[in-house]
Each structure stands twice: as C-alpha cells, then as structure tokens.
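First the structure, in the form of structure tokens, and then the observations on it.
No lab work stands behind these numbers, since they all come straight from the coordinates. Remember, predicted model here, so these are calculated numbers, not experimental data. Cβ: placed from backbone, ideal geometry, glycine included. Neighbour counts: every protein chain shown.
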Amino acid sequence: MNFSVRMSRIKPSAIRDVQKKISQRPGVISFAAGLPDPDLFPLDDLAAATEETIHKHGKVAFQYGLTKGYGPMIDTIIHRMKSKENVEALPENIIMTTGSQQGLALCAMMLLEEGDIVVAENPSYLGGINACRPYGVSFIGVDTDDEGIDTELLDKILRENRKVKLLYVIPNFQNPTGKAWSLKRRIAFMEVIRKYDVLVVEDNPYGEIRFEGSPVPSLKFMDTEGKIVYLGSFSKVLAPGLRLAWICATSEIIRQAELIKEGWDLQCNQFCQVQAVEYIQSFDFEAHIKKIQQRYKSKCNLMLEQMSKEFPENVSFTRPEGGMFIWVTLPEHLDAGTFLDIALEKGVAYVPGEFFYADEGPKNTLRMNFTTVSEEKIVEGIKLLGQALHGVC
C-alpha cells in the first residue's frame, strides 16, 4: 500500500502504550489518566435535557446543521467568551469543532507547510505536537518556570528562526505540569509576539477549573492584532464524550477552518450541540462548574499533602491552582520510564514525563492525575509510590 509521506511522520501515542501496560495489571492504582472525574458528569440533568431536546427540537437536532455550528450554540459561546474572558466576539469569529483536538488539527492544516517551525512549551500537550507532525515541520521547545514560558528565550528563538509559523501554548493549568502563567508573564509574552509575523494557538481546556487564586486575563483578551487563535472546550466542565469545543479567531481564520471542515466532517454533532444548549439554558451550569472546582481542589490538596508526607526530600512537584495534573521531578539520575516498572510492581502507575516533549526530553519527570481516583485510593497510591521512590532515591 502506497501511503502518503504524511503517514510516515505520525507517531503512535506513547501515553496510550503506557495505558496498555497498566491495563495488563488489574488492581493497579493509576494516576496516569488524563480524564475528568466521571462521577461529576451531571447525568440526571443531561438525561432531562436530552428528553427535552427530542420533544422540543427533535427535527432540528436530528437533521444536518451548519458547518460553523448550531446558531444558539454559537450564541452561547459568544456569551461565555464575554463573561469568562471579557472577549467581544461575533458569530463570524466562532466555529464549533469536534473537541479541541480537531481545533488543533484545523490550525495545523491551515497554517503549516513543510519546513516550517512550531514552537511549544517544554513540556507540552502531546496531542498538540502530534497534530502538527504530518506537515513536515520541526519543533523548538521553550522552557518554562513557575510564572510561565521563558519570554527572553522565546524572543531569541523568534529572532533567529524566521521559519517559525506557529506557537502552541497552554497558559492555564497546563497539561502536563499544571502550571499557570502569571499576568506579568502573559504581558511580556504578548510584547514579544507583536514583534514577529507568527500566530499563537492558545489552548484553554482547563481555564474554568481554577480552584485557587484569582483568574488571569487570557492571551486572547490581550490580543489587538488577531494573532491569537483561542481554543475552548466543554470537555472538562460538562462531558468529553459530547466532543463539543470551539475556535475563537479572526473571521478570515474561521472562514478557512469552515472550508476544511466541509471536507472533513461537514459539521460537528448537531444533536449534542442542541442538547448542550438545552442543558445550559435549563440548569445551573455555573453551580455545576463550582462543584467540579471544589472536588478537584479537595483531591489535589490531598495528593499534595500525601506527597509531602510520603515522598523523599529530593523529589519535587508543582502545586497547581487548577486543572487536573501535578508534575513530579525525580533526582537527575533516575529514569521515570524504567522506574514505572518498579511502581507497577508496587501497584501504582503514572505517565513518564519524557513523552510530553516535541523532541527528546529529560527522563526524570512524571505526570500525575488526581481527578479520576478516589480520595481513599489517592492516600493508598501515594504511599505505595513513596515506598517505591524511597527504594531508589
């Protein structure tokens, strides 16, 4: 079979390989998931909204819809962009996507050509990197600290590499580190971006699940030149199975995305869009989000407390104010991939951090998820992981 050159550039997900490894060991306490807590899905309210969708809007919900999205859904997004991000958007600035992953794939297809360079944070979301790989691009990673991306290094990279076409960033509670950029660093980032002919994809799936501190303005809010392509999603605050997300960008970018979607999938799931609008209009969505924030805060604080108690002193970790992840750094001589086998023998699992780099990353880091495991299992799992770490640290 003569597959395209693009297929040779696509790499299988290393994270899924880890998940397969974990699945072969029943009873393992897994902190490797990147999933929201299914116990927080508003099932009863969604069931009621679904029934109303069929009875009130069935002929619309089961019919083909517009490629851009269901009109009331677009209106809902415009309202949320204003209330959550203070961003003024019009219908021509919004298109619905089948999850944020499709938004990433659309941006890559629209903007990238062979030989271009994509800049991402070190580390970054593997799905964002993989969406760009088929187009024959190279990657440059920019290190981050507790305040966000290193803007001085970024300026140097953009000054010396004129083929940089796209920047991919997650300023809020990043996957995999859980870090959030400070306001000062966001302002500095925008000052750098204004100097160069580049576009920025601001991926914000976790912004609404802040459980500590005060909200910080999005890059899109600071954007005066149309350089920020904002990706939003309902996956982490409603249900990922609905695959409801959106792009907010200039009308020119949205028109191009619409043309691509016409050839890809014609439209996003019409029924789910009508269903979600019915749910948001009929129930207290903000109270539901607060419930998620409170539950995740409790689980995150418990995991941090247990890590402080059970881990060796030469193991460090982030202290996120939102999102779903904690990033752990082991002593430099340890390989988190090799150590995973030891952890699995103890009955606990995580994702090695090296998989979250565009190129080869350090091997002494790992990502921990606190959302899908019960509080009882968090205590037990961190104790087991701590015992394993004491054995090698």
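Some observations on this one:
- Potential extension, His79-Val60 segment - 0.36 nm per residue separation minus Cα distance: 4.6 nm
- The stretch 170-201: trypsin sites (Lys or Arg not before Pro) falling in loop per DSSP and having at most 16 other Cβ within 10 Å: Arg194, Lys195
- For Phe317, the residues 5 or more places off, or on other chains, whose built amide H falls under 5 Å of its own are Thr329.
- Selected from Pro123, Gly386, Ala239, residue furthest toward positive end of dipole (the chain; charges at beta carbon): Ala239
- In the structure shown, the pairs Lys163/Lys236; Lys363/Lys383; Lys236/Lys346; Lys11/Lys346 are assessed against 26 Å; a Cα-Cα span above that value is assigned to Lys163/Lys236; Lys236/Lys346; Lys11/Lys346.
- Partners of Lys179 within straight-line reach, counting aspartates and glutamates whose Cα lies under 15 Å from its Cα and excluding those fewer than 8 residues away in the same chain: Glu121, Asp143, Asp145, Asp146, Glu147, Asp150, Glu202, Asp203, Glu208, Glu212, Glu321.
- Relative contact order [Cα under 8 Å, 6+ residues apart], the chain, whole percent: 24
- Projecting the Cα positions of Gln101, Ala349, Val169 onto the charge dipole of the chain (unit charges on Cβ atoms of Lys, Arg, Asp and Glu, taken about the Cα centre) puts Gln101 furthest along the positive direction.
- For the residue pairs Lys84/Lys156; Lys220/Lys377; Lys68/Lys220; Lys184/Lys227, the C-alpha atoms sit more than 29 angstrom apart in Lys84/Lys156; Lys220/Lys377.
- With each label modelled as a point 7 angstrom along the Cα→C-beta vector, the Ser251-Asp341 pair spans 6.0 nm.
- For the chain, adding -39500 (n - 2.57) for each run of n ≥ 4 DSSP H residues and dividing by the number of residues yields -14000 deg cm²/dmol at 222 nm.
- Gyration tensor verdict on the stretch 217-314 (Cα atoms; rounded if a/c is under 1.5, prolate if a/b is larger than b/c, oblate otherwise): prolate
- 19 Å cut-off, amide nitrogen to a point 7 angstrom out along Leu302 Cα→Cβ, residues in the stretch 34-66: 34-41
- Projecting the Cα atoms of Thr67, Val28, Leu111 onto the charge dipole of the stretch 1-141, computed from C-beta unit charges around the Cα centre, puts Val28 farthest toward the positive end.
- Charging the Cβ of each Asp and Glu at -1 and of each Lys and Arg at +1, and nothing else, the dipole of the stretch 62-282 about its Cα centre rounds to 160 debye.
- Full-extension gain in nm, Asp17 to Glu262, via 0.36 nm per residue minus C-alpha separation: 84.9 nm
- Distance (nanometres) between label positions extended 7 Å along Cα→Cβ at Leu183 and Ser8: 5.1
- What you get for the chain, charging only the Cβ of Lys and Arg (+1) and of Asp and Glu (-1), is a dipole of about 420 debye around the Cα centre.
- Coil-residue chymotrypsin sites (Phe, Trp or Tyr not before Pro) of the stretch 46-88, DSSP, other Cβ within 10 Å capped at 11: Tyr64
- Full extension of the chain between Asp146 and Lys377 gives 80.3 nm of extra length, using 0.36 nm per residue less the Cα-Cα distance.
- Gap separating the Cα centres of the stretch 83-149 and the stretch 10-70, nearest whole Å: 22
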